[in-house]
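Report on the structure given below.
The values are calculated or read from the model by the stated rules, or taken from the named source; none is laboratory data. Source: prediction; values computed, not measured. With ideal geometry, Cβ positions are generated from the backbone for all residues, glycine too; neighbour counts draw on all protein chains shown. With ligands, DNA and RNA removed, areas are computed over all heavy atoms of the protein, side chains included. Shrake-Rupley method; radii C 1.70, N 1.55, O 1.52, S 1.80 Å.
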Amino acid sequence: MTIKIIQVSDIHFGGENQAATEAALARFHLERPDLLVAAGDLTRDGVVSEFDAARAWLDRAPTPQFTTPGNHDTPYVGPGELLERFIAPWRRYEARFGPADGGVWRAPGVSVFGVNTARRAQLRWNWSKGAISGSQIRRLEGQLASAPGDARIVVCHHPLMELTGEPMTSEVHGGTRAANSLSAAGADLVLSGHIHTPFVSPYPFGDGKTRAVVSGTLSVRERGVPPSFNIIEIDEAEIRVTAMAFERTDFATLRSWAFDRRQA
């Protein structure tokens with residue numbers, strides 16, 4: 001049996017590439033995935049109209065779906081928005097997509113666990129950077145241990161650590177510790193976004209079979225790569241990741257990766 005997951009992130013409604021988001025919906029339905037993962041930054045400025053647009057777009061996409069928020073998915077433009085950010089940073093997100101942290105999705109042969117690496121504020125100038133706490137790591141370790149034999153997947157917005165060839169930094173507080181712990185706990189994939197460029201690399205811990213898988217953007221905020229999303233296919237022996245890039249009216253293969261799956 002092959003499990004197919006579509007991974008998208010950084011759509012940034014309010015600044016989305018409209019042609020790409022429409023073409024992506026058509027391609028999603030052709031692919032008929034077992035799960036659609038949206039790994040954060042559904043909005044640009046965290047305003048109500050952008051959340052509504054994101055919800056309407058996902059309502060037209062295949063189900064089931066699994067989402068986690070990103071650093072853009074909390075209000076921050078203007079005094080009233082900043083007040084909302086501090087009082088109830090995830091209220092708008094959760095009203096439309098469910099819990100911001102700790103989501104779980106299971107199907108035969110696969111278990112998916114979500115963790116929110118975005119923060120309302122931090123003791124550093126750039127609040128867009130990520131963080132993961134010790135309690136979040138411990139929760140994930142327990143969840144991963146509960147799914148022996150499954151393809152075990154963690155979803156967050158920020159890549160947990162900087163890896164060779166990655167185009168930008170996300171400087172996640174606690175991220176290297178988390179990557180090490182998730183490797184030891186048997187995670188197969190850690191899906192994220194944030195850097196707007198598709199990327200796959202193993203964590204340098206344990207058996208080297210825990211992979212960071214980053215999807216690109218469907219917004220106009222490109223970083224040298226066209227709008228894109230990932231198709232992930234998992235079977236008993238192998239995992240394949242294909243980055244699909246938008247070319248005028250449709251999506252075509254940009255790059256692909258294949259690697260052996262960890263065996264119990």
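Of note:
- Convex hull volume per residue, computed on the Cα atoms of the stretch 10-135, equals 114 Å³.
- Environment charge at Gly70 (Cβ cut-off 10 Å; Lys +1, Arg +1, Asp -1, Glu -1): -3
- The GNM of the chain, with springs linking C-alpha atoms under 10 angstrom apart, assigns the highest mean-square fluctuation among Gly149, Gly46, Gly70 to Gly149.
- Gain upon complete extension [Asp52, Glu22; 0.36 nm per residue less C-alpha separation]: 9.2 nm
- Prolate/oblate/rounded call for the stretch 188-243, Cα gyration tensor, a/c under 1.5 rounded: oblate
- Centroid-to-centroid separation of the stretch 13-33 and the stretch 185-264 [C-alpha atoms, Å]: 17
- Sorting Arg120, Arg262, Arg248, Arg139 on solvent-accessible area from highest to lowest, probe radius 1.4 Å, gives Arg248, Arg120, Arg139, Arg262.
- Antiparallel beta bridges, as assigned by DSSP with both residues in the stretch 103-163, represent about 45 percent of the total such bridges.
- Simple spin-label estimate for Arg96 and Arg139 gives 2.2 nm between the two label positions (7 Å along the Cα-to-Cβ direction from each Cα).
- Note on Met1: accessible area is roughly 150 Å² with a 1.4 Å probe, heavy atoms of protein only.
- Taking the DSSP bridge list for the stretch 1-114 and keeping only pairs wholly inside it, about 30 percent are antiparallel.
- Eigen-decomposition of the gyration tensor built on the alpha-carbon atoms of the stretch 64-172 gives equivalent ellipsoid semi-axes of 26, 18, 12 angstrom, largest listed first.
- Fraction of accessible area attributable to carbon and sulfur, the stretch 139-264 (%, probe 1.4 Å): 48
- DSSP-defined antiparallel bridges as percent of all bridges, the chain, nearest 5: 60
- Computed [θ] at 222 nm, helices only, for the chain once each DSSP H run of length n ≥ 4 contributes -39500 (n - 2.57): -7500 deg cm²/dmol
- Legend: calculated FRET efficiency, Arg32 to Ala258, from the Cβ-Cβ distance at R0 = 30 Å, rounded to 0.05, equals 0.90.
- Probe 1.4 Å - accessible area at Lys209, Å² to nearest ten: 60
- When only alpha carbons of the chain are considered, Rg and Dmax amount to 17.0, 52 Å.
- Most mobile of Leu123, Leu35, Leu254 in a GNM of the chain (Cα contacts under 10 Å): Leu123
- Neighbours of Gly175, meaning other residues whose beta-carbon lies under 10 angstrom from its beta-carbon, give a summed charge of 0 when Lys and Arg score +1 and Asp and Glu score -1.
- Net charge over other residues, Cβ less than 15 angstrom from the Cβ of Gln122 (K, R count +1; D, E count -1): +4
- Compactness of the stretch 1-45, taken as the C-alpha radius of gyration over 2.2 N^0.38 Å, stands at 1.25.
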